[in-house]
1. May I ask for the percentage of alpha-carbon pairs in the stretch 204-258 that lie more than 12 Å from each other?
2. For a label point 7 Å from the Cα of Ile189 along Cα→C-beta, name the residues of the stretch 209-238 whose backbone N is under 13 Å from it.
3. Of Lys43/Lys202; Lys29/Lys209; Lys294/Lys364, which pairs sit farther than 19 Å apart, going by alpha carbon to alpha carbon?
4. Over the stretch 243-366, what lengths in whole Å, largest first, do the semi-axes of the equivalent ellipsoid take, defined as the square roots of 5 times the eigenvalues of the alpha-carbon gyration tensor?
5. So, by mean Cβ neighbours within 10 angstrom, what's the order for 301-307, 221-227 with the highest one leading?
6. Quick one: net charge of Tyr324's neighbours, Cβ under 14 Å, K/R +1, D/E -1?
7. So which cysteines of the chain have no other cysteine's Cβ under 4.7 Å from theirs?
8. How high is the FRET efficiency from Gln200 to Gln40, r the C-beta distance, R0 30 Å, rounded to 0.05?
Amino acid sequence: MKDQITVTSPLLPDLEEFNSMLKEIWDSKWITNNGQFHRQLEKELAEYLKVPYISLFTNGTLPLITALQALRITGEVITTPYSFVATTHSLWWNGIRPVFVDVDPATCGLDPEKIEAAITPKTTAIMPVHCYGKPCDTEAIQAIADKYGLKVIYDAAHAFGVEVNGKSVLNAGDMSTLSFHATKVYNTIEGGAMVMHDEQTKKRIDYLKNFGFAGETTVVAPGINSKMDEVRAAYGLLNLRKVDAAIEARRKVAERYREALRDVEGITFYDDMPGVRHNYSYFPIFVDEEKFGKSRDALYEEMKGEGVLGRRYFYPLITEFSTYRGLPSATRENLPNAYKLADTVLCLPMHHDLSDSDVERVLKFFGK
Ligand code: T4K
């Protein structure tokens, strides 16, 4: 069988450079707990991402859980079913009931027009997702939050480096969280971060990710341990130097896919949004079985059989999992757009390392 083409492939730092940073860590014997590379990566990321404050985490799930703790969110939170399960799991781990609201198919994000109808006296926050890195309608969401006195926590796991009119999308809402998992545009192997607006909040989050310690003998909150270690911070510093080139390589792949697929009947995809700096983290297509002459699943299996591993992100919908399917808002009738996206989506291979011949191998399945 030919080599497999995977949906993504991690951006890796230069091994020699990484080795010399490892040597520094070994020499210093300071391997975790707010070390020099951790502090440096926070500084460089804040500059790169154009955000005022950032706190590094050990993955992209714990900042979600911690944000809910920090803002003392309780009761019900309005969120999207069209995401990775970590989004709603973070609510579950805080004893919060997710209330699912349908998405706008134009952005894949929460449809602001449907949020108000889902608000109850128990609602305390909204947790939208910039799905595939496509910015939500943050202004409309903020207007609703302001009107009802709700907090907004963005799951921005996919939105590394995404900007709207030159401003980071990570500045929207009360807090935003990022994932630096191996499968993301920018990775620290496992890793993540939280973005916040002020120094006071950053301090509090730094306590919370370190068991709540505010000094050697003072614990101010029931914190958790979710700190990033020095090895991954060093890896992250090196990858930060390569991420722009990786995003540009992804953009070129997206351009080729779009050019080839634009006239394929039954296949739709997203174009760039005006004024947005995208990161091309995923390339979802949507398959209309009748027009394309083949179902999404048939296409997925056919590609897989030939070693081209697309992925059906995000199928099944979160509301189909046993934890959530009994909830009143978890129905197909309530979420028609999300179900349609989940039933028809296929993310094509998309990463910085795809060669022209890899792209051609993918496009062959579309008669190109
Ligand atoms: N919120 C959202 C919206 C998210 O999408 C995620 C994570 C989170 C929160 C939580 O963030 P983290 O706690 O994970 O930081 C992946 C990732 O594990 C997960 O991070 C990600 N979203 C989710 C969308 O996808 P899988 O199960 O699809 O990954 P896996 O192992 O099947 O890998 C996919 C492909 O990537 C492989 O076929 C090959 C390639 N790969 C993967 C790994 C791990 C490599 O080439 N090297 C590797 O080391 O979940």
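1. Details: 1078 of 1485 pairs.
Tail fraction, whole percent: 73.
2. Residues passing the 13 Å test: 228-237.
3. Numbers: Lys43/Lys202 13 Å; Lys29/Lys209 22 Å; Lys294/Lys364 15 Å.
As for pairs spanning more than 19 Å Cα to Cα, those are Lys29/Lys209.
4. With the √(5λ) rule applied to the stretch 243-366, the semi-axes are 27, 18, 14 Å.
5. Numbers: 301-307: 13.3, 221-227: 16.4.
My ranking of the peptides, most packed first, is 221-227, 301-307.
6. Numbers: positive: Arg97, Arg325, Arg332; negative: Glu76, Glu320.
It works out to a net charge of +1.
7. Those would be Cys136, Cys347, since no other cysteine Cβ in the chain comes under 4.7 Å of theirs.
8. 0.85
The values are calculated or read from the model by the stated rules, or taken from the named source; none is laboratory data. Quantities reported herein were computed from a predicted structural model and do not represent experimental measurements. All Cβ positions, even for glycine, are placed from backbone atoms using ideal geometry, and neighbour counts span all protein chains on display. SASA here: full protein model, heavy atoms, side chains in, ligands and nucleic acids out. Shrake-Rupley method; radii C 1.70, N 1.55, O 1.52, S 1.80 Å.
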